[in-house]
Amino acid sequence: MQTEEQTVASPVQQAWNKKPLIISGPCSAETEEQLVATAERLKATGKIDMLRAGIWKPRTKPGMFEGIGAKGLPWLQKAKQLTGLPTTVEVATGKQVQDALTFDVDVLWIGARTTVNPFSVQEVADALRGVDVPVMIKNPINPDLELWTGAVERVARAGIKQIGLIHRGFSSYGNTEYRNAPMWHLAIDMKLKHPNLPIINDPSHICGRRDILMEVMQRAIDLDYDGLMIESHIDPDNAWSDAKQQVTPEKLAEMLDAIIWRKEDVASEEYHAALEKLRQQINHLDDELMQILSQRMKIAEQIGTYKKENNITILQTNRWNEIIEKAFAKGAKNGLSKEFITKYFDAVHMESINHQKKVLDA
Ligand code: PEP
Ligand code: MN
């Protein structure tokens, strides 16, 4: 016979399995009062599933607030007891894993600056051996999916069964709009490579500022993310870290209300039939595009033959500039962005050059 405990999922499991999973809390635990008050106000919104707080903070420069340290763990434990919210903390060393677990932290996460370092990830993974706790892994600060995947594998090999991904954007020099460029295509690629891992978006560290949080959150939901992790603070402007990107719990609740939540599917035959028809048209057009592209490459090869016979270079800058200028103009008339035209023609051009090169080398 099953006992009550076996049939009812724990609050952590309920949160972990919920979609969307909404995690919030301060960038850093600063004082007991700040952490408890943030947790209580988050709880009061009724929209938050898990409480986050940075205890150890990896900061880019020394002299910045580097976290309150293990002293903050009892505060987090108290916040959990008072609100019933499961808790999550960033860990970067084996000792931090042990300390966090000693104070009943429910979910651990590996930060972006740790994911880049296989030594650190391995140390965290070793400390997790024999422990049954969900672990979330942020993308590395540099756009490298292999490194992100490597961290997932290290944690999985340590025996952790419940692993989640957090997309927090990537460092890019000279980027002004975002603190960390989202590079959505990379996160989508990661999700496609790991379809069984939930992926959570961290708009706070992508944006670095409050005013564009909403659009990033909506984008993540449109892209079928499994959850959001957003930083919140009772007094954002005076936060000890990441002041510009934090919002009050009430402001966060307002933003969550304003999101258009999308479903992955709906049980309507009419919808499925209509979609199926349109998808067939798209498949058909994609087939045609392939055939046309293949024809285009065959012609490029013929040009290659002439160039070879006459000892002419493959790259003809003037000719290419002419093509691309015409394409921009035509693209604009046909509702295709300059960005797309550039990427598309660059790809076609490269492929064309490769085909010609083969002819020249033959
Ligand atoms: C954080 O979540 O507070 C944090 C330090 O994030 P990241 O590792 O993404 O920089
Ligand atoms: Mn932060």
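How much length would be gained if the chain were fully extended between Tyr173 and Asp126, taking 0.36 nm per residue of separation minus their Cα-Cα distance, in nm to one decimal?
Working: separation 47, 0.36 × 47 = 16.92 nm, distance 3.37 nm.
Gain on stretching Tyr173 to Asp126: 13.6 nm.
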Once phi is turned into θ = phi - 60°, what whole-Hz ³J(HN,Hα) does the Karplus curve with 6.51, -1.76 and 1.60 give for every residue of region 244-254, x standing for Gly and Pro?
5, 9, 8, 10, 6, x, 5, 5, 4, 4, 4
Segment Lys343-Ala9, length gained on full extension (0.36 nm per residue, minus Cα span)
115.4 nm
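Determine the percent antiparallel among the DSSP beta bridges restricted to the chain, to the nearest 5. Walk me through the numbers before you get to the answer.
On the way: 1 of 27 bridges.
Antiparallel: roughly 5 percent of the beta bridges in the chain.
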Give the aspartates and glutamates reachable from Lys330 as a straight Cα distance under 15 Å; neighbours fewer than 8 places away on the same chain don't count.
Glu322, Glu339
Would you work out which of Ile166, Ala39, Ser352 lies farthest towards the positive end of the dipole of the chain, given +1 charges on the beta-carbon of Lys and Arg and -1 on that of Asp and Glu, about the Cα centre?
Ser352
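Could you work out the Rg to Rh ratio of region 110-255, with Rh taken as the Kirkwood radius (inverse of the mean 1/r over all Cα pairs)? Mind dumping the intermediate values first?
Details: Rg = 15.4 Å, Rh = 15.8 Å.
Radius of gyration over Kirkwood radius for region 110-255 works out to 0.98.
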For the pair Lys326 and Leu192, the simple spin-label estimate (label points 7 Å beyond Cα toward Cβ) gives in nm 3.1 nm
Pull up the cross-link candidates among the lysines for Lys307, meaning alpha carbon to alpha carbon under 22 Å and not fewer than 8 places away within one chain.
Lys298, Lys357, Lys358
Can you list the HN-Hα couplings for region 115-120, worked out from phi with the Karplus curve (6.51, -1.76, 1.60; θ = phi - 60°), rounded to whole Hz and with x for Gly and Pro?
4, 5, 10, x, 4, 5
Under a point spin-label approximation (7 Å from Cα along Cα-to-Cβ), what is the Gln316-Lys18 distance to one decimal in nm?
6.4 nm
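Scale the Cα Rg of region 50-197 by the rule-of-thumb value 2.2 N^0.38 Å and send over the ratio, two decimals.
Numbers: Rg = 15.3 Å, N = 148, 2.2 N^0.38 = 14.7 Å.
Against the empirical 2.2 N^0.38 Å value, I get 1.04 for region 50-197.
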Taking the Cα atoms of region 1-137, what is the range of coordinates along each of the three principal axes, in descending order and whole Å?
52, 34, 26
Which one of Gly111, Leu278, Ile292 is farthest out on the positive end of the charge dipole of the chain, using unit charges on Cβ (Lys, Arg +1; Asp, Glu -1) and the Cα centre as origin?
Ile292
Charge dipole magnitude, Cβ of K and R +1, D and E -1 - region 215-256, Cα centre, debye nearest 20
80 debye
Can you give me the relative contact order of the chain as a percent, contacts being Cα pairs under 8 Å and 6 or more apart?
13 percent
Would you mind telling me which residue in Glu123, Glu269, Glu33 has the biggest mean-square fluctuation in a Gaussian network model of the chain, where springs connect alpha carbons within a distance under 10 angstrom?
Glu269
Listed residues Met290, Met255, Met50; largest mean-square fluctuation, Gaussian network over the chain with Cα springs below 10 Å, found at Met290
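Can you show me the helix-derived [θ] at 222 nm for the chain, built from DSSP H runs with n ≥ 4 at -39,500 (n - 2.57) apiece and divided by the number of residues, rounded to the nearest 500. Numbers along the way, then the final one.
Details: 15 runs with 191 residues, N = 362.
Helices in the chain give a 222 nm mean residue ellipticity of -16500 deg cm²/dmol.
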Could you tell me the relative contact order of region 123-180? Use alpha-carbon pairs under 8 Å, at least six residues apart, and round to a whole percent.
42 percent
In debye, nearest 20, what is the charge dipole magnitude of region 154-242 about its Cα centre with +1 on Lys and Arg Cβ and -1 on Asp and Glu Cβ, if you could check?
600 debye
Out of all DSSP beta bridges with both ends in region 114-230, state the antiparallel percent to the nearest 5.
10 percent
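Using the Cα centre of the chain as the reference point, and only Cβ charges (+1 on K/R, -1 on D/E), how large is the resulting charge dipole? Debye, rounded to the nearest 20. Intermediate results must be reported in sequence, preceding the final value.
Numbers: 44 positive and 49 negative charges, 201 e Å.
It comes to approximately 960 debye.
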Applied in sequence order to region 217-224, the curve 6.51 cos²θ - 1.76 cosθ + 1.60 (Karplus, θ = phi - 60°) yields integer Hz couplings, x standing for Gly and Pro, of 4, 5, 4, 4, 5, 4, 8, 6
Distance in nm between Ala44 and Ile299 label points, each 7 Å along Cα→Cβ, equals 6.9 nm
Find which of Thr87, Pro182, Ala125 sits farthest along the positive direction of the dipole of region 64-189, computed with +1 on the beta-carbon of Lys and Arg, -1 on that of Asp and Glu, about the Cα centre.
Thr87
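Normalised by the number of residues in region 14-165, what is the relative contact order in percent for Cα pairs under 8 Å and 6+ residues apart? All intermediate terms of the calculation are to be shown ahead of the outcome.
Details: 276 pairs, mean separation 26.0, N = 152.
Here the relative contact order equals 17 percent.
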Long-range amide H contacts for Leu21: which residues qualify at under 5 Å (H placed 1.01 Å from N, peptide plane, sequence gap of 5 or more or a different chain)?
Gly227, Leu228
Test of understanding: given the chain, find the longest segment containing no chymotrypsin sites (Phe, Trp or Tyr not before Pro) that are in a DSSP loop and have at most 13 other Cβ atoms within 10 Å.
1-172
Quick query: amide H of Thr87 versus all other amide H atoms, modeled in the peptide plane; which residues come in under 5 Å with a sequence gap of 5 or more or a different chain?
Leu51, Asp106, Val107
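Note the direction-averaged projected area, equal to a quarter of the hull surface, for the Cα convex hull of the chain, in nm².
On the way: hull surface 101.1 nm².
Mean orientational projected area (the chain, Cα hull): 25.3 nm².
Bear in mind these aren't lab numbers, they're just calculated from the coordinates by the rules spelled out. None of these values were measured; they are calculated from a predicted model. Cβ coordinates were reconstructed from backbone atoms using ideal geometry, including for glycine residues, and neighbour counts include every protein chain displayed.
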